[in-house]
Amino acid sequence: MINEAAIKAYLQKNFPDAVQINIRKLGSGVQGSGFLIELKTSAGIQSYVIKTLLSEGLGHDYPSDRASVFLLDLDEYKNLLRHVKAIDVLSEMEDGSIKSIGGGKEYYLLMEKTEGDHYFHDLAEFSKKDALNDVDRKKIKAMTSYLAEIHSVKKDSKTLYWRKLRDTVGHGECLMGVFDTYPDGTLTYNEMAEIIKKSVDWIARLKPRYSRLSQIHGDFHPGNIWFTPPSPPLGKDSTPPHPPLARGGKGGVDFVLLDRSRGPWGEPADDVTALTINYIFFSVKNFGDVRGAYLEGLNLFFNEYVGLTGDNEIYDVVAPFFAFRGAVVANPVFYPELTSEQRGIIFRFVNNVLADESFKLERVNDYLR
């Protein structure tokens with residue numbers, strides 16, 4: 001269905017000489033529907049077609065997916081000989097009105113500013129400690145408590161769960177896309193392909209677990225987690241501002257999240273591995289294995305998360321997500337300070353986790369060998 005009244009209002013504004021506007025459905029296909037627009041003007045009848053896309057499957061699940069398809073159509077229809085021309089891309093707003101978003105050559109996101117210290121700062125400091133202090137533990141408990149809360153929101157959609165699995169391997173920002181940014185010589189093409197193929201095998205194993213679909217952040221890594229001073233208490237006549245940024249806090253610590261990515265629904269392991277790979281990565285970078293505060297942090301994170309969620313199944317599903325996150329932290333473009341030996345340790349971790357039936361927390365250092 002389309003909002004005929006809003007579309008007619010848009011057309012009347014953009015075609016002021018139209019004295020009559022008729023809209024009728026032409027038909028539907030596997031991806032969407034087409035509608036005929038006929039404008040009666042003093043010069044005769046002008047005809048156009050409006051195309052819609054179905055909102056589930058084929059990578060069109062979110063409004064931004066459908067917008068990206070149509071914006072590409074607008075850019076490229078005109079560049080192919082004998083192809084029909086696209087006129088505009090229309091957006092239906094929350095109030096039901098229609099406006100144009102076509103014609104842009106670049107797009108920008110305007111956000112609010114926040115302040116604080118990202119969690120990378122804490123991870124760097126762990127190298128100076130033999131054990132976590134009280135603040136370190138409170139921060140980990142705040143993060144696991146937050147994830148447990150958002151992951152408790154479930155959705156019944158096989159399509160979206162399978163999409164998250166597919167995207168984890170094949171998306172341009174995920175495993176295959178990250179590997180495509182590697183400088184030649186970091187890994188051979190065959191070595192990268194083996195990790196990809198093992199991950200695809202894991203996708204097949206996880207597809208029946210679609211009931212795990214949950215609300216997620218999607219890029220819960222240390223650079224997107226900014227710990228901030230606790231907010232001052234509100235006065236009795238004060239009202240809290242609208243909270244545009246995700247916040248979480250427990251035990252006297254508070255944090256703000258940035259850069260939610262790749263859709264609001266997915267496998268909870270995506271968030272868990274995005275953070276926990278860093279305890280392994282930073283420890284390997286500093287010591288060559290997982291020890292001290294890093295090992296304690298890794299164990300505390302998993303134990304707290306499982307204790308809060310009851311999700312013991314998490315260990316059975318993390319492998320392909322650790323593969324993606326391992327490829328990120330081993331990437332010389334992102335982390336040029338790593339030695340080739342340290343990268344090799346990360347790749348051994350990835351391959352050994354993919355080869356195991358489930359991730360065994362107590363064997364984390366065995367996976368590095």
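The values are calculated or read from the model by the stated rules, or taken from the named source; none is laboratory data. This is a predicted model, so every value here is computed, not measured. Neighbour counts run over all protein chains shown; Cβ positions are idealised from the backbone, glycine included.
Worth pointing out:
- If only residues of segment 186-195 that are touching a residue at least 12 places away in the same chain (Cβ under 8 Å) and surrounded by fewer than 17 Cβ atoms within 10 Å (Cβ to Cβ) are counted, the one that is farthest from the chain's Cα centre (by Cα) is E191.
- Of the numbered criteria (1) surrounded by 19 or more Cβ atoms within 10 Å (Cβ to Cβ); (2) part of a loop (DSSP other than H, G, I, E, B), the one V178 fails is (2).
- Conditions (1) assigned to a loop (DSSP other than H, G, I, E, B); (2) surrounded by 16 or more Cβ atoms within 10 Å (Cβ to Cβ): number failed by Y146: (1)
- Taking helices (runs of 4 or more DSSP H) as the structural unit, those lying wholly within segment 258-369 and holding at least 3 residues that are polar (S, T, N, Q) correspond to 268-287, 292-309, 340-355.
- Within segment 303-323, the set of residues being crowded, with 20+ Cβ neighbours inside 10 Å, without any contact (Cβ under 8 Å) to a residue 60 or more places away in the chain and of a type in the set (F, W, Y) comprises just one member, F322.
- Residue in segment 264-271 that is surrounded by fewer than 19 Cβ atoms within 10 Å (Cβ to Cβ), at pLDDT 90 or above and not aliphatic (A, V, I, L, M) present: yes
- Residue that is surrounded by the most Cβ atoms within 10 Å (Cβ to Cβ) [pool: residues in segment 90-110 that are over 17 Å from A9 (Cβ atoms) and not small (G, A, S)]: Y107
- Test: residue in segment 107-116 that is modelled with pLDDT of 90 or more and not in a loop (DSSP other than H, G, I, E, B): no
- For segment 140-154, the criterion of a residue being more than 19 Å from the chain's Cα centre (by Cα) and hydrophobic (A, V, I, L, M, F, W, C) is satisfied by at least one position.
- A single member of G223, G177, G170 is assigned by TED's automatic domain parsing to the domain that holds G266, modelled with pLDDT under 95 and out of contact with any Ser or Thr (no Cβ under 8 Å at 6 or more places or on another chain), and it is G223.
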